[in-house]
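Scroll down for the structure; my scribbles are underneath it.
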Number of protein chains: 2
Amino acid sequence: MPQFCYDYARPAVTADICFFTVVEDDLRILLIRRGEEPFKGSWALPGGFLREDETLDECAARELEEEAGISGAYLQAFATFSKPDRDPRYRVITAAYFALVSAANHVLKSGSDADDAEWHSMSRLPRLAFDHRDIIEQARAALTGKMNLEPVVFALLPSRFTLTQIQKVYEAVEGQPLDKRNFRRSVLAKEWIRETGELERGHRRPAMLYERA
Amino acid sequence: MPQFCYDYARPAVTADICFFTVVEDDLRILLIRRGEEPFKGSWALPGGFLREDETLDECAARELEEEAGISGAYLQAFATFSKPDRDPRYRVITAAYFALVSAANHVLKSGSDADDAEWHSMSRLPRLAFDHRDIIEQARAALTGKMNLEPVVFALLPSRFTLTQIQKVYEAVEGQPLDKRNFRRSVLAKEWIRETGELERGHRRPAMLYERA
DNA sequence: TCAAAAGTGTTAACCGTACACCCATGC
DNA sequence: GCATGGGTGTACGGTTAACACTTTTGA
């Protein structure tokens, strides 16, 4: 085993990811069950150590690929966590990201690190390792803010979607119902979407399908 | 010299600070002239290495004290910089902060690290080391956003101030003039300030002095 | 008396919010 | 024919933005 030696103590640096999806009008987050101490049996955010040749953004993207088999998800850093004792083993500085994937693409690749990964409803989180509950709370707040400023909602939707679908995603993230007419007016005013001309059939009354503009 | 050895490479971690003040209606930032390679003679942000027993917030506060002799300034992290080659010597991850101090308190303590520190107008920045120009640009944007949401402007003002003074600070940070009547109405509506009853005398027509509510 | 900064209101446009009914379809 | 979700407009209140003149003082 090689050794890396420095004149001063250096912390380990990781990127941890709050990976969200919306399924059945419910905001869910990907967690991994820990098989080792500390916090054996608790759930933790996916993430891992920064490598020598990558940025934190690249690290987060790589971990998402390795631990959940997902590439190309929307990824955004939102805070850094640095309390000296947040990991009882040794010092770890964590750059926290949130990531988004649509329900259609959220099937987890089995094998490798992903075997103990599961989606958990944000309304019923299990026992969490380290300070991951704090991180998740801040992630949700960051996501809510971002969604009202920038067109990130599409990362949580299939490529074509109805206005009701997009509304359900906002409601799931914000955790509160929204007025249908006002929501439609405001989302159309933003010019983030356009009509496809196709209708979604097979349920009740067909609904117009939209796509990202 | 002690040696700290790890099984994997670890980056150095620093906190760097974009330390702003407003003087003569001009937004200025504290920079330190580098006496060593790399970037000898260029200017750099104050900052330094994270110690074993402190958070990044504490590190930023300590560096501000050591390098500029200022304590209790408003401090806020806004981004992390992690490009592998952003420091040509070895890998450094930097948590970037912005800090604010009022013109009245911005005299630099001489001695120690501060000897080569100077305030520079944001409208005429010198040659900067590393990726510090990027960091400064992002800091200004973060500061502008924060000032319109939270009462941080007081960190850039003396304890008592006129409405014109507070307006000049906003104009300096945002880099654009503001309408006097609208500005006064909106700042009074926020209820961040109250009248002192005292007038500022000695110039032209006396102005009401306000203080933080 | 003049130069300089302090102080003061009104109007119009825009935006957010509240709110209820008819329509098209599948069963 | 009925249950289900799709689709639509208006009115009110609050906020923002534009805009010009009088007052007070020091020199």
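The numbers here are math on the coordinates, done by the rules we state, and not lab data. As the structure is a computational prediction, the values presented were derived from the model and not from experiment. Here Cβ is always computed from backbone atoms with ideal geometry, including for glycine, and neighbour counts include all displayed protein chains.
According to the Cα gyration tensor, what semi-axes, each the square root of 5 times an eigenvalue, does the equivalent ellipsoid of chain A have, listed from largest to smallest in whole Å? Before the final figure, lay out the partial values.
Values: eigenvalues 261, 57, 52 Å².
Largest first, chain A gives 36, 17, 16 Å.
Fewest Cβ neighbours within 10 Å first, please rank A:ILE17, B:ILE135 accordingly.
Working: A:ILE17 29, B:ILE135 23.
Fewest-to-most Cβ neighbours within 10 Å comes out as B:ILE135, A:ILE17.
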Ascending list, in nanometres, of distances separating the B:GLU66 label from those of the other copies (7 Å, Cα toward Cβ): 3.3
Could you tell me which GluC sites (Glu not before Pro) in the stretch B:7-90 are loop residues by DSSP with no more than 16 other beta carbons within 10 angstrom of their beta carbon? B:GLU24, B:GLU36, B:GLU52, B:GLU54
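Could you line up B:SER71, A:SER82, B:SER159 from fewest to most neighbouring Cβ atoms inside 10 Å?
Numbers: B:SER71 9, A:SER82 24, B:SER159 12.
Result, fewest neighbours first: B:SER71, B:SER159, A:SER82.
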How shielded is A:78-89 by partner chains, expressed as the average number of their Cβ atoms within 10 Å of its Cβ atoms? 3
In chain B, what cysteines have no partner Cβ closer than 4.7 Å? B:CYS18, B:CYS59
Residue by residue through the stretch A:194-200, what is 3J(HN,Hα) from phi via Karplus (6.51 cos²θ - 1.76 cosθ + 1.60, θ = phi - 60°)? Round to whole Hz and write x for glycine and proline. 9, 5, 8, x, 8, 10, 7
Relative contact order, percent, chain A [alpha-carbon distance under 8 Å, six or more residues apart]: 21 percent
Of A:PHE183, A:PHE161, A:PHE130, which has the largest mean-square fluctuation in a 10 Å C-alpha GNM of chain A? A:PHE183
Under the convention of a label 7 Å out along Cα→Cβ, give the distances in nm from B:GLU52 to the same position in every other copy, shortest first. 2.5
Per residue of B:27-36, count partner chain C-beta atoms within 10 Å of its C-beta, then hand back the mean as an integer. 0
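Could you tell me what percent of the DSSP beta bridges with both partners in the protein assembly as shown are antiparallel, to the nearest 5? Write out the running numbers ahead of the final one.
On the way: 59 of 79 bridges.
Restricted to the protein assembly as shown, the bridges split so that about 75 percent are antiparallel.
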I need the phi-derived Karplus couplings for the stretch B:141-152: 6.51 cos²θ - 1.76 cosθ + 1.60, θ = phi - 60°, integer Hz, Gly and Pro marked x. 5, 5, 5, 4, x, 5, 5, 8, 10, 10, x, 9
Sort shortest first the distances from A:ASP134 to its counterpart in every other copy, using label points 7 Å along the Cα-to-beta-carbon line, and give them in nm. 2.8
Ordered by fewest other Cβ atoms within 10 Å, a rough proxy for footprinting exposure, A:CYS5, B:CYS18 read A:CYS5, B:CYS18
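Roughly how crowded by other chains is peptide A:1-8, in terms of the mean Cβ count from those chains within 10 Å of each of its Cβ atoms? Walk me through the numbers before you get to the answer.
Details: counts 2, 5, 5, 7, 5, 9, 4, 9.
Average per residue, whole number: 6.
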Between the stretch A:1-73 and the stretch A:147-176, what is the separation of their alpha carbon centroids in Å? 25 Å
Out of the DSSP beta bridges found with both residues in chain B, what percent are antiparallel (nearest 5)? 75 percent
Rounded to whole Hz and in sequence order, give me ³J(HN,Hα) for the stretch A:3-8 from the Karplus expression 6.51 cos²θ - 1.76 cosθ + 1.60, θ = phi - 60°, writing x for Gly and Pro. 10, 10, 10, 9, 6, 10
